[in-house]
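The values are calculated or read from the model by the stated rules, or taken from the named source; none is laboratory data. Because the structure is a prediction, the values reported are computed rather than measured. Neighbour counts run over all protein chains shown; Cβ positions are idealised from the backbone, glycine included. Please note that ligands, DNA and RNA were not included when accessible areas were found on the heavy atoms of the full protein model with its side chains. Shrake-Rupley method; radii C 1.70, N 1.55, O 1.52, S 1.80 Å.
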Amino acid sequence: MTDRQTTDAAGSRSNAVLLLVVVVAVIAVLTSWGNQPEERADVDLTKLVASTTKAKLPQAPLDPDPMAATDGTVVHPRRVLPVYAAPGRKPFAKITPTQMGDTWLPVIDQQEGWTQVLLPSRPNGSIGWLRTAQLVERYTPYVVRVHTGSRRMQLFRDGKTLGEWTVAVGAPGTPTPTGRTFLLGSIVDEKQDFSPLILPLGTHSATLDTYGGGPGTVAFHGWPNTSVFGKAISHGCIRVPADALDQLSQVPLGTLVIIDQQ
Amino acid sequence: MRTTFQAGLSGLAITATALLVVTASNATGDPVSSSSAYGASVGGTPGQPAVASDGTSTQTGGGSLPAQLGPLASGGVLEVSAGDDTASAAVTNLTLGSALAQLPPEVKDGIANLNQVCAGLGQAGQVNEVLTPLNDAINQVPGLGTVVEVPTVEAAQAFCNQLVDTDILDLATVGTLKTQCTDQTGTVTLSDVEVLGAPQPVLAGEIAPETQLLPPELAAVAKITLNHQVPDGENFTVEGLRLEVGGQVVAVLASATCGGPQAEPVVQQAPAPAKPTKTKQAPKPTPVKTSAPVTG
């Protein structure tokens, strides 16, 4: 059907018009695949702030249930997506498929065609809605709980305790923020040589707007001196023993981390 | 955009026909074979609607095209059926290219200009007054100039007649795209094809296996294959329409899979969980070398 050399005039016309159809269709798919019509009409992604650990999103709604567990659903955006305060409203931010490696966000609610997630930006507890059709959906069996009062951290898998450790948490002047957040990244940072691996979270210090040139991102990481464990001594981060860091390194990004004052 | 789109697809498993195929025996003791079919799979997601049969009974299902197919196809009604070593998937009342209004401005402007040139064709006297502006207009539609040329006045008039007289928003309609497999054979048939409102009897009937809709020059960018056949041991799959972009399958319409005559004993097809994707665990993270100061 694609033989353009045919001498049959009717065939040639059919071919030409058919090619017009498929070329237009392919161009359409290449350029606008998966966009919803209303997005194309209304959303200019270039004008939206990317929701990263560095961003401040004052328009973001706040987590209505900051101590609740979820069913473990996590999502990864397939492309840059608008983030909405409510389904069908105007977007207030965008989310990118990668930031510290692949972006995975915990799901806190779903409606038909829409998925509500925790965001990694300030203010702490920022949430937003994404279009479900543009998300890869997976499941994490893990949950991490941090108790700042007792300086304990627990790692659960399928509801069963995998491990429990004494950790270091934020000092009284720079406390570890409470509420639910998530594992945002898994990084090796030569400029921060106190730990072989750093696991930044989606939450930030409430008392330090910036720290070390960064936006005050709270993280799990190791520490060279084991005497810190059991103390409230950090600038907000949760310093964990090597064994705990090793186990946390296996946990998928997007996994919920629930921090309380117990 | 193309890069973003392809990157967005990376890592997605290509889902063609992952349904389990097994055999069983019917009430009379004759061996039966399983089969399965689905209507549409987009971006590597499991095909929907899907049915599977262990061969002892015929399962049928139906639904509509996924919204994500928007720019490519819409409006279709899907019917799927799976029985003893035979399965079928059909899309009826399919409209291709219906989302032209959502195309990027340069494509839309190019087609609008093409329409305008065609509309003025009747007043043109000289050959060059017809062919030059029309070919220029064709070349203004990104991608079109490389595959379409209008060498004669007659061809120009024929091309324009079809273009002007119809609703440009419905580039092509397909009455039925039907895929069927029986044992190790498969067929794909098209009926009632209209392109720009003009019936295309030449496109109706049985489609030869591995029919390519796009010219080879575009193969590196995109391929649209009709009647794509995949023998896989005891299983045989035939896909009605398969769209690949950048070497990745982005959409499959009307897929049917038949099981072979010999296979393992019956394995009951597990009922689909409410959220099937949740059974797949999120990946273990791979540490990234970067600098992101934390609160220490």
HN-Hα J in Hz across the stretch B:249-258 - Karplus 6.51, -1.76, 1.60, θ = phi - 60°, x for Gly and Pro: 6, 10, 7, 10, 10, 6, 10, 10, 10, 10
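If packing is taken as the average count of other Cβ atoms within 10 Å, what order do B:35-42, A:51-58 fall into, highest mean first?
Output ranking for B:35-42, A:51-58: B:35-42, A:51-58.
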For B:Asp85, residues with placed amide H under 5 Å, excluding near neighbours: B:Ser33, B:Ser34, B:Ser35, B:Gly259
Amide hydrogen neighbours beyond the local backbone of A:Arg152, cut-off 5 Å, H modeled: A:His147, A:Val167
Accessible surface, the stretch A:169-262, averaged per residue in Å² (probe 1.4 Å): 35
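How many Cβ atoms of partner chains, on average, are near each residue of A:78-85 if near means within 10 Å of its Cβ? Mind dumping the intermediate values first?
Details: counts 10, 6, 2, 1, 0, 0, 0, 0.
What the average comes to for A:78-85 is 2.
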Area hidden from solvent between B and A (accessible, protein heavy atoms only, 1.4 Å, total, Å²): 6300
Global form of the stretch A:183-239, assessed from the alpha-carbon gyration tensor, a/c cut-off 1.5: oblate
Computed label-point distance, nm, for sites B:Asp183 and B:Thr286 using a 7 Å Cα→Cβ extension: 4.6
Whole-Hz ³J(HN,Hα) from phi, Karplus 6.51 cos²θ - 1.76 cosθ + 1.60, for the stretch A:209-225, glycine and proline x: 5, 9, 7, x, x, x, x, x, 5, 8, 8, 8, 7, x, 8, x, 10
10 Å Cβ neighbours from other chains, averaged over peptide A:195-206: 2
Whole-percent carbon and sulfur share, accessible surface of the stretch A:62-214, 1.4 Å: 49
Global form of the stretch A:43-139, assessed from the alpha-carbon gyration tensor, a/c cut-off 1.5: rounded
Highest average packing first - A:99-110, B:280-291, B:233-244, Cβ atoms within 10 Å: B:233-244, A:99-110, B:280-291
The stretch A:43-139 - accessible surface per residue (Å², probe 1.4 Å): 41
Equivalent ellipsoid semi-axes, the stretch A:118-171, via Cα gyration tensor eigenvalues times 5, rooted, Å: 28, 19, 6
Per-residue HN-Hα couplings for the stretch A:161-169 [Karplus 6.51, -1.76, 1.60; θ = phi - 60°; Hz; x = Gly/Pro]: 6, 8, x, 9, 9, 8, 10, 9, 10
Three-way shape call for the stretch A:142-260 based on the alpha-carbon gyration tensor, with the a/c threshold at 1.5: rounded
Residues along the stretch A:248-262 losing 30 Å² or more of accessible surface when the other protein chains are present rather than the chain by itself (probe 1.4 Å): A:Gln250, A:Pro252
When each of A:Lys94/B:Lys223; A:Lys54/B:Lys223; A:Lys94/B:Lys178; A:Lys54/B:Lys284; A:Lys54/B:Lys289 is checked by Cα-Cα distance, pairs over 29 Å: A:Lys94/B:Lys223; A:Lys54/B:Lys223; A:Lys94/B:Lys178
For A:100-109, mean number of other protein chain Cβ atoms within 10 Å: 2
Accessible area (Å², 1.4 Å probe, nearest 10) - B:Asp109: 100
